[in-house]
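First up is the structure itself, then whatever we jot down about it.
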Amino acid sequence: MLRAYEWVLAANFVYLSALAVVLPLPWRVRAVVLGLNAAVLAGCALLAYADKFRHGLLLGTIRDWYSFPLTLLTYREMGWFAQPQTSHALEQAWVAWDRALLAGGLRAVVESLGPILPALLELSYMLVYALGPFAVATLYVYRRRERTGDFLFLFLTGVLLAYGQFPFWPSEPPRTVFPGQDFPAYTSAFRRFNWWYLGSQGIHTSVFPSAHVSGAFSAAFGMLRCLPEHRWVGRLLLALAILIATATVYGRYHYFADAAAGLVVALAALGISMIRSRVARSTAPLEKTIGW
């Protein structure tokens, strides 16, 4: 039987397959997406089926962790869906808000201590890719592995809801649409790494909403809910999420509109997770009574 977060993954790959059919893609890309997603769905079902009968630690652990590479696969597929852009109307509107925010005090505050805060923001932005695995590893360390499914449901919902909107908001980051404009005054090794990584691994489908922000806040909300007896973990991730959201705008990786939308997506994922928990609690006595 699929776990709740595995249903989220399954719905995601069905959705990606539907996009591959609807969007004007080369037939080779469409065939690869459909074949790859069919294999992923079959693999998830087979793994769940095997774990149902074996209940082994190995299979259970694989199910706890395999969602992270599948999330990366979703990101790559979204890159394959990128369509040619004929204008930058969205970016022109969004950058006006950014410039008002930066000139209104954000840049002055960040650079008030010289290169310290800019470097910290870039480091936080770089760490975003490790937040999900860190959270799951922390649940293992505190012997709360049974809560991994609840965390992954919220986290994956937040990340995949952001990815799923990319084809409908075609846009490029401010660092490429407005090169050299509004850039930070300081450059660090962390910033150089971020630029190299995004230049070599980034996609060109959309930057709205920011999956960095939605993923970071979803990870924080997930740990605040799933590990309340060690609240320092959730609070640390929440502080990092705030730094990451700030870094996306200050570092010109995203527009403020992207970051704000990413937070809204994370809040939506939190709401969905809370509703799911309430429904599960309300149906548990009924399931026990009728023997489900």
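Taken together, the values in this text are just the output of simple stated rules run on the coordinates, not laboratory data. Model, not experiment: these values are computed from the prediction. As a convention, Cβ positions derive from the backbone with ideal geometry for all residues, glycine included, and neighbour counts pool all protein chains shown.
Counting neighbouring beta carbons within 10 Å and listing from fewest to most, the residues Cys226, Cys44 come out as Cys44, Cys226. Taking the centroid of alpha carbons for each part, the stretch 166-239 and the stretch 1-56 are 26 Å apart.
For the stretch 108-193, the set of chymotrypsin sites (Phe, Trp or Tyr not before Pro) satisfying both a DSSP loop assignment and a count of at most 14 other C-beta atoms within 10 Å is given as Tyr142.
Exposure proxy for Met1, Met274, Met126: other Cβ atoms within 10 Å of each Cβ, ordered fewest to most, give Met1, Met274, Met126. Taking 7 Å steps out from each Cα toward its Cβ at Tyr129 and Ala96 produces label points 3.6 nm apart.
Rounded to two decimal places and with Rh computed the Kirkwood way over Cα pairs, what is Rg over Rh for the chain?
Rg/Rh for the chain comes to 1.00.
Computed 3J(HN,Hα) for the stretch 132-142, one whole-Hz value per residue from the Karplus formula 6.51 cos²θ - 1.76 cosθ + 1.60 where θ = phi - 60°, is x, x, 4, 5, 5, 4, 5, 4, 5, 4, 8, glycine and proline marked x.
Stretched out straight at 0.36 nm per residue, the stretch from Tyr49 to Trp169 would grow longer than its current Cα-Cα span by 39.4 nm. As a rough footprinting exposure proxy, the listed residues His55, His212, His230, His254 were ranked by other beta carbons within 10 Å of their own, and the order from fewest upward is His55, His230, His212, His254.
Here, the stretch 141-288 yields an orientationally averaged convex hull projection of 10.8 nm² when only Cα atoms define the hull. Taking θ as phi - 60° and the Karplus parameters 6.51, -1.76 and 1.60, the scalar couplings of the stretch 32-37 work out to 5, 4, 5, x, 5, 5 Hz in sequence order, x denoting glycine and proline.
Spread over its residues, the convex hull of the C-alpha atoms of the stretch 1-81 is 74 Å³ per residue.
Just to confirm the number: angle between the C-alpha axis of helix 189-201 and the first principal axis of the chain, 0 to 90 degrees, nearest 10? That works out to roughly 60 degrees.
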